[in-house]
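Here's the structure, in structure tokens; my notes come after.
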Amino acid sequence: MDLTKQVNNRKTFAIISHPDAGKTTLTEKLLLFGGAIREAGTVKGKKTGKFATSDWMDIEQQRGISVTSSVMQFEYDGIKVNILDTPGHEDFSEDTYRTLMAVDSAVMVIDCAKGIEPQTLKLFKVCKMRGIPIFTFINKLDRVGKEPFELLEEIESTLDIETYPMTWPIGMGQSFFGIIDRNEKYIEPFRDEEHRLNLNEDYELETSHPIENDSVFTQAIEELMLVDEAGDAFDQEKIAKGDMTPVFFGSALANFGVMNFLNAYIDHAPSPKGRKTVDDEFIAPDHDEFSGFIFKIQANMDPKHRDRIAFMRVVSGQFERGMDATLTRTGKKSKISRSTMFMADSTETVNDAYSGDIIGLYDTGTYQIGDTLCDKGKIQYEALPQFTPEIFMKVSAKNVMKQKHFHKGVEQLVQEGAIQYYKSMHTNQVILGAVGQLQFEVFTHRMQSEYNVEVVMDPIGKKEARWIHNEEDVTDAMNSPRSMLVLDRYDRKVFLFENDFAMRWFEDKFPNIELYSLL
Ligand code: GDP
């Protein structure tokens, strides 16, 4: 098969939801359709499977949450679909955000009773900001939730995105009768004993059925007619730019509405896209030369060996196991013989991969987040965005004799992108920053178990971090407890403001200083 066909044969998306909205359940059902797993339950089961042997996963188990994002591939209707799971806890880390840089679309799962929840809003906003197409699955229609219009309104106003309902629910909870497929004009009944009911252009049943006289039916039809009349028109281009989200209703648990979703997703989601290089060149997915970038490094998959798996998104060309690839950052060429692909219930050696595929490369410390691998060593993809951390800690080794190990550990973990490194201006005190508290827990745990260093943390709390366009104008006098001046890992100056108020006060006092925040 030629490259263009391979590219058109693939879809890669991240699945995002607030905890308990039903992401795992939906993923399982999708995998079932793909025949990737024999029975549901495998995805959750993974937590007690071999991945769980990792030390660091203990935290995940203790807290009953998913710390790492995992990758799975399945095939449906001849299309290879890559799902990247993203942890949905409020303590998710930068890894979660970086996962979004490796996909071409995102699926957001929303609990119909809860709507958009604050902890995940940020993730959706990153999608929106980066123009990543978003598909929405409103889940748990078998329970009573908010009215469909209310949910759509909420999505539109919080994300500043147009909605296009692809299906529409008839009732909910006890009275949930099914969904209307808006384009194909039929009713998919929720209960197994009912058959699919066809509708004409005016949403009238083609053959009579008692539901016709039920108020939930008449209400749904009225609503749908209103959507047809006043709602936004379907616009593939807007979907591709992330300005419109197709919306589906269903129940993941009952495997209801999932097929409608999957079919439409396959039809309307973009195939793998190329990426821009640091030289502002765009590399198309069917460009001949193999290239890919590392967006995540997972350490300690096997506690007996201190090895890591680097996750690479293939951007162009064909990856072949055993090929010689150049790491652009160092210019070094090496043979890639250990590469894996993650299927629903197994990890398999991958022999070839194409744009959109996510593969795991065995890593003994060679790779860094944002690295590009390619044939000739001439391609370097744009750096992955750094996210503005919100919580900061002063960190040091409890035992001063362990300084060397401490610095080595910090360096490695920072390189992996596990945590962000800062130091105070004059005293060189190490300060770590994170987007979620959990990153510090993982850091402490890994410093102890992998580098044998007990760390002492001194919280400096939540801060508003701002970088500076005109660093040369910054003076020592601007450094105060409420506007703490630090250096980041690239030696750029950063102000850590006590709060929003302190920042505004600073801006008033020093109007010539141009502050900016990262994503
Ligand atoms: P995640 O945290 O987003 O991965 O959510 P899970 O898939 O683990 O689901 C959380 C809970 O909601 C579980 O108890 C599921 O059985 C339940 N659940 C998922 N989908 C549905 C649904 O469509 N209807 C109902 N009633 N419960 C659901």
Practice problem: Pick out, from the range 345-443, the strands (runs of 3 or more DSSP E) lying fully within it that include 2 or more residues that are free of Cβ contacts under 8 Å to residues at least 24 places away in the same chain, assigned by the TED database to the domain that holds GLN298 and not small (Gly, Ala, Ser). | Solution: 347-349
Exercise. Could you tell me whether the range 309-332 includes any residue that is in contact with a helix residue (DSSP H, G or I) (Cβ under 6 Å, 6 or more places away or on another chain), more than 12 Å from ILE379 (Cβ to Cβ) and either in a loop (DSSP other than H, G, I, E, B) or modelled with pLDDT under 95 (or both)?
Key: no
Quiz item: Mind checking which residues of the range 489-519 are of a type in the set (D, E, K, R) and not in a loop (DSSP other than H, G, I, E, B)?
Solution: LYS493, ASP500, ARG504, GLU507, ASP508, LYS509
Quiz item: Looking at the range 269-286, is at least one residue away from the ligand (no atom under 16 Å from the Cβ), closer than 28 Å to GLU147 by Cβ and buried (at least 18 other Cβ atoms within 10 Å of the Cβ)?
Solution: yes
Quiz item: Before we move on, is GLY64 modelled with pLDDT under 80, among the small types (Gly, Ala, Ser) and surrounded by fewer than 22 Cβ atoms within 10 Å (Cβ to Cβ)?
Solution: yes
Quiz item: Among the residues of the range 103-110, is there at least one that is modelled with pLDDT of 85 or more and either in the same structural domain as ARG446 (by the TED database) or surrounded by fewer than 16 Cβ atoms within 10 Å (Cβ to Cβ) (or both)?
Solution: no
Self-check item: Members of the range 19-39 found to be near the ligand (Cβ under 7 Å from one of its atoms) and at pLDDT below 85, listed by number
Solution: PRO19
Practice problem: Kindly check whether there is at least one residue in the range 453-463 that is at pLDDT below 90 and among the acidic types (Asp, Glu). | Solution: no
Quiz item: Quick one: what pairs do we get from the range 247-271, first residue under 14 Å from ARG182 (Cβ atoms), second more than 16 Å from the ligand (Cβ to nearest atom) and among the hydroxyl-bearing types (Ser, Thr, Tyr), C-beta under 8 Å, 6+ apart or different chains?
Solution: VAL247/THR163; VAL247/TYR164
Practice problem: Would you please name the residue that is modelled with the lowest pLDDT, looking only at residues in the range 275-303 that are hydrophobic (A, V, I, L, M, F, W, C) and in a loop (DSSP other than H, G, I, E, B)? | Solution: MET301
Quiz item: In the range 490-519, how many are of a type in the set (Lys, Arg) and either over 26 Å from VAL126 (Cβ atoms) or surrounded by 14 or more Cβ atoms within 10 Å (Cβ to Cβ) (or both)?
Solution: 2
Practice problem: Could you list, in sequence order, all residues of the range 232-263 that are touching a Phe, Trp or Tyr at 6+ places or on another chain (Cβ under 7 Å) and either outside the structural domain of ASP77 (by the TED database) or away from the ligand (no atom under 16 Å from the Cβ) (or both)? | Solution: ASP232, PHE234, MET244, THR245, PRO246
Quiz item: If we scan the range 374-395, do we find a residue that is buried (at least 17 other Cβ atoms within 10 Å of the Cβ) and over 29 Å from the mean Cα position of the chain (by Cα)?
Solution: no
Self-check item: Single condition VAL43 does not satisfy, out of (1) within 18 Å of VAL109 (Cβ to Cβ); (2) modelled with pLDDT of 85 or more
Solution: (2)
Quiz prompt | Test: residue in the range 169-177 that is under 26 Å from the mean Cα position of the chain (by Cα), more than 20 Å from ILE83 (Cβ to Cβ) and in contact (Cβ under 8 Å) with a residue 40 or more places away in the chain | solution = no
Exercise. Could you check how many residues of the range 241-274 are closer than 19 Å to THR25 by Cβ and part of a strand (DSSP E or B)?
Key: 5
Practice problem: Considering every residue within the range 139-154, establish whether at least one is among the β-branched types (Val, Ile, Thr) and either over 31 Å from the mean Cα position of the chain (by Cα) or outside any loop (DSSP other than H, G, I, E, B) (or both). | Solution: no
Quiz item: Given the structure, is ASP357 modelled with pLDDT of 90 or more, among the acidic types (Asp, Glu) and more than 25 Å from the chain's Cα centre (by Cα)?
Solution: no
Quiz prompt | Failed criterion for THR120 (all others in (1) surrounded by fewer than 20 Cβ atoms within 10 Å (Cβ to Cβ); (2) within 16 Å of the ligand (Cβ to nearest atom); (3) outside any loop (DSSP other than H, G, I, E, B) hold) | solution = (1)
Self-check item: Every residue from the range 135-169 that is surrounded by 21 or more Cβ atoms within 10 Å (Cβ to Cβ) and within 16 Å of the ligand (Cβ to nearest atom)
Solution: PHE135, THR136, PHE137, ILE138, ASN139, LYS140, LEU141, GLY145, PRO148, LEU151, THR167, PRO169
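Can we say VAL258 is crowded, with 20+ Cβ neighbours inside 10 Å and either over 26 Å from ASP142 (Cβ atoms) or out of contact with any Asp or Glu (no Cβ under 9 Å at 6 or more places or on another chain) (or both)? If you could, list the steps in order and put the result at the bottom.
On the way: crowded, with 20+ Cβ neighbours inside 10 Å: yes; either over 26 Å from ASP142 (Cβ atoms) or out of contact with any Asp or Glu (no Cβ under 9 Å at 6 or more places or on another chain) (or both): yes.
For VAL258, the condition - crowded, with 20+ Cβ neighbours inside 10 Å and either over 26 Å from ASP142 (Cβ atoms) or out of contact with any Asp or Glu (no Cβ under 9 Å at 6 or more places or on another chain) (or both) - is met.
The values are calculated or read from the model by the stated rules, or taken from the named source; none is laboratory data. All values derive from a computational prediction rather than experimental measurement. All Cβ positions, even for glycine, are placed from backbone atoms using ideal geometry, and neighbour counts span all protein chains on display.
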